[in-house]
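Novice: One structure is given below, represented as structure tokens, and several questions about it will come after.
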Amino acid sequence: MIHGVHQFHCPADPPDDDGGTASPLGGFPTEGEDLPYKVEVWDESGAFVEQVVAVSVSPAIGYAAYYAATREFPGRSITLRHKSSVISRWTGRAH
């Protein structure tokens, strides 16, 4: 039994605004909405955050981005934050 049919369109085609059912995942956060999970890469001395490489509303996506950052920047300190609390910290060890 088929419950729904999805059609793919060329990116140049105008979007279908047929008033269909909204996504159960809730879509993307709106501007100004809180994205509480942040992955931060610290400078080499560990004095300040050099860049935020990911922000997410999802803890699973936040942790996946944190894990990826520890592989991408192995010699740097990486933190995963939930709002102002540090959930996990990688103390970058250069081999």
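The values are calculated or read from the model by the stated rules, or taken from the named source; none is laboratory data. Computed from a predicted model, the values in this text were never measured in an experiment. Reconstructed Cβ throughout: ideal geometry from the backbone, glycine too, with neighbour counts over all protein chains shown. The protein model used for the area step is the full one, side chains on, heavy atoms only, and it has no ligands, DNA or RNA in it. Shrake-Rupley method; radii C 1.70, N 1.55, O 1.52, S 1.80 Å.
Novice: Classify the range 45-88 as rounded, prolate or oblate from the Cα gyration tensor: take a ≥ b ≥ c as the square roots of its eigenvalues, call it rounded if a/c is under 1.5, otherwise prolate when a/b beats b/c and oblate if not. Write down the numbers at each step before the final one.
Specialist: Values: a/c = 2.04, a/b = 1.32, b/c = 1.55.
Since a/c reaches 1.5 but b/c is at least a/b, the shape of the range 45-88 is classed as oblate.
Novice: Tell me the net charge near residue 86. Cut-off is 12 Å between Cβ atoms, residue 86 excluded, with +1 for each Lys or Arg and -1 for each Asp or Glu.
Specialist: It works out to a net charge of +3.
Novice: Next up: So, counting K/R as plus one and D/E as minus one, what does the shell of residues with Cβ under 11 Å around residue 41 add up to?
Specialist: -3
Novice: On a 1.4 Å probe surface of the protein chains, which of 83, 38 comes out largest in accessible area, and what is the full order?
Specialist: Numbers: 83 125, 38 80 Å².
Descending accessible area places them as 83, 38.
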